[in-house]
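Mind looking over this structure? Questions follow.
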Amino acid sequence: MIRKIALSLILGVSVANAAQLTELTEKCEHCHGENGNSNEEQVPSIASLSVKYFMKTMKKFKNDKRPGKKFKPEGHHEENDMNTIAKNLTKEDFRILADYYVAQTFIPRQQTVDQNLVRKGKKVYKRCKKCHTDNGSNPQDDVGILAGQWMPYLEFQLEQFSSGKRTPSKKMKKQLNKLQDGDIPALINFFAAQK
Ligand code: HEC
Ligand code: HEC
């Protein structure tokens, strides 16, 4: 008897979560793609982001500590931005979404790169390596995923960091300040070339 009650409780909870999860991911998929692999070059892939980075980032959007660019997806969906989206979700929603996306496989975006810039970027990447390990592909670094991410997205984020619209950590800022003309396109090509 006790066992039966316990079982129905477990099932009851997991059924509610499945419905809740679908309702939540439907709010993301038309921009971030199925399973968090984005088909829109302005929208980052979010598959496999670490729970820590995901939670921190959603909180930043919610508190307007990071600006979210407005985006109008294809079809009948309305233009929206991450600040508005995050404000309409609870911390519990963030957690459910974080647990879902961390379990999805990140599929590097296929992009055309310039091999000379890739080679140059590999050298410049030494400035980033300490925090963005494995050529920027390791979600466990808790700093997002740069390898195989959309180039226009990366470029925009680097602009946001240098203009101060998105706040980089002091140590990252120090490395960004050392970059010279041409280093940013080289880095972006290098990250995009990672498979
Ligand atoms: C209208 C399109 C749109 C929808 C819907 C949307 N996003 Fe976003 N999302 C974006 C864009 C654009 C960015 C890049 C924002 C920027 O930095 O300017 C982004 C960025 C993010 C990031 C940061 C990724 C990183 O690597 O730093 C996370 C996390 C994220 N979104 C999660 C979500 C979740 C979860 C949902 C669903 C609840 C969602 N988004 C719904 C467009 C959207
Ligand atoms: C001392 C550690 C450190 C170094 C060195 C560093 N970063 Fe970062 N980087 C971070 C942290 C921390 C974040 C997450 C910022 C946040 O939470 O918004 C980040 C985030 C980023 C992002 C945004 C990722 C996303 O998904 O939106 C980009 C792009 C980036 N770094 C590029 C670089 C580049 C290029 C270099 C080398 C020139 C570099 N970083 C060096 C710590 C570092």
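The values are calculated or read from the model by the stated rules, or taken from the named source; none is laboratory data. Note that the structure is predicted; figures quoted are calculated from it, not measured. Because the Cβ atoms are built from the backbone with ideal geometry, glycine has one as well, and the counts that use them run over all protein chains shown. Calculation scope for accessible area: heavy atoms of the full protein, side chains included, ligands and nucleic acids excluded. Shrake-Rupley method; radii C 1.70, N 1.55, O 1.52, S 1.80 Å.
Amide H neighbours of Q104 under 5 Å, at least 5 residues apart or on other chains, H built in the peptide plane: list them.
So Q104 has HN proximity to S48.
Could you tell me what percent of the accessible area of the range 38-195 is made up of carbon and sulfur, with a 1.4 Å probe and every protein chain present? Write down the numbers at each step before the final one.
Numbers: 4790 of 9280 Å².
Summing carbon and sulfur atoms, their accessible area is 52 percent of the total for the range 38-195.
If you plug each phi of the range 116-133 into the Karplus form 6.51 cos²θ - 1.76 cosθ + 1.60 with θ = phi - 60°, what whole-Hz ³J(HN,Hα) values come out, in order, with x for Gly and Pro?
Karplus values, whole Hz, x for Gly and Pro: 5, 5, 4, 4, 5, x, 4, 6, 4, 4, 4, 6, 10, 3, 4, 9, 9, 6.
Mind checking which of D181, D134, D99 has the largest fluctuation in a GNM of the chain, springs on alpha carbons under 10 Å?
Checking each option, the largest mean-square fluctuation is seen for D181.
Once phi is turned into θ = phi - 60°, what whole-Hz ³J(HN,Hα) does the Karplus curve with 6.51, -1.76 and 1.60 give for every residue of the range 73-89, x standing for Gly and Pro?
Result, ordered by residue: x, 4, x, 8, 6, 7, 5, 8, 9, 5, 5, 5, 4, 5, 5, 8, 10 Hz.
Between K130 and K59, with labels modelled 7 Å along Cα→Cβ, what's the label distance in nm to one decimal, could you check?
2.4 nm
Okay, moving on. Could you state the number of Å between the C-alpha centres of the range 93-109 and the range 117-195?
Result: 21 Å between the Cα centres.
Per residue of the chain, what 222 nm ellipticity follows from adding -39500 (n - 2.57) for every DSSP H run with n ≥ 4, rounded to the nearest 500? It would help to have the intermediate numbers written out before the result.
Details: 9 runs with 106 residues, N = 195.
That calculation yields -17000 deg cm²/dmol at 222 nm.
What do you get when you divide the Cα radius of gyration of the chain by 2.2 N^0.38 Å, with N the number of residues? Let's see the in-between values first.
On the way: Rg = 18.7 Å, N = 195, 2.2 N^0.38 = 16.3 Å.
Output field value: 1.15.
For H77 and N39, calculate 0.36 nm times their separation in residues minus their Cα-Cα distance, and state this gained length in nm to one decimal.
Values: separation 38, 0.36 × 38 = 13.68 nm, distance 1.52 nm.
Result for the pair: 12.2 nm of gain on full extension.
What list of ³J(HN,Hα) values in whole Hz, one per residue of the range 136-142 in order, does the Karplus curve 6.51 cos²θ - 1.76 cosθ + 1.60 (θ = phi - 60°) give from phi, with Gly and Pro shown as x?
x, 9, 9, x, 5, 5, 6
Further question: For K72, give me every one of the lysines with a C-alpha distance below 16 angstrom, ignoring sequence neighbours fewer than eight places off in its own chain.
K27
Hey, what's the range 72-126 come to in accessible area per residue, 1.4 Å probe, Å²? Mind dumping the intermediate values first?
On the way: 3710 Å² over 55 residues.
Ligands and nucleic acids excluded, the figure is 67 Å² per residue.
If you place +1 on the Cβ of every Lys and Arg, -1 on the Cβ of every Asp and Glu, and leave all else neutral, what size is the dipole of the range 2-102 about its Cα centre, to the nearest 20 Debye?
Working: 16 positive and 14 negative charges, 154 e Å.
The dipole of the range 2-102 has a size of about 740 debye.
What FRET efficiency comes out for the pair E92/F161, r = Cβ-Cβ distance, R0 = 41 Å, nearest 0.05? Show your work: numbers first, answer last.
Numbers: r = 30 Å, r/R0 = 0.74.
Efficiency at R0 = 41 Å is approximately 0.85.
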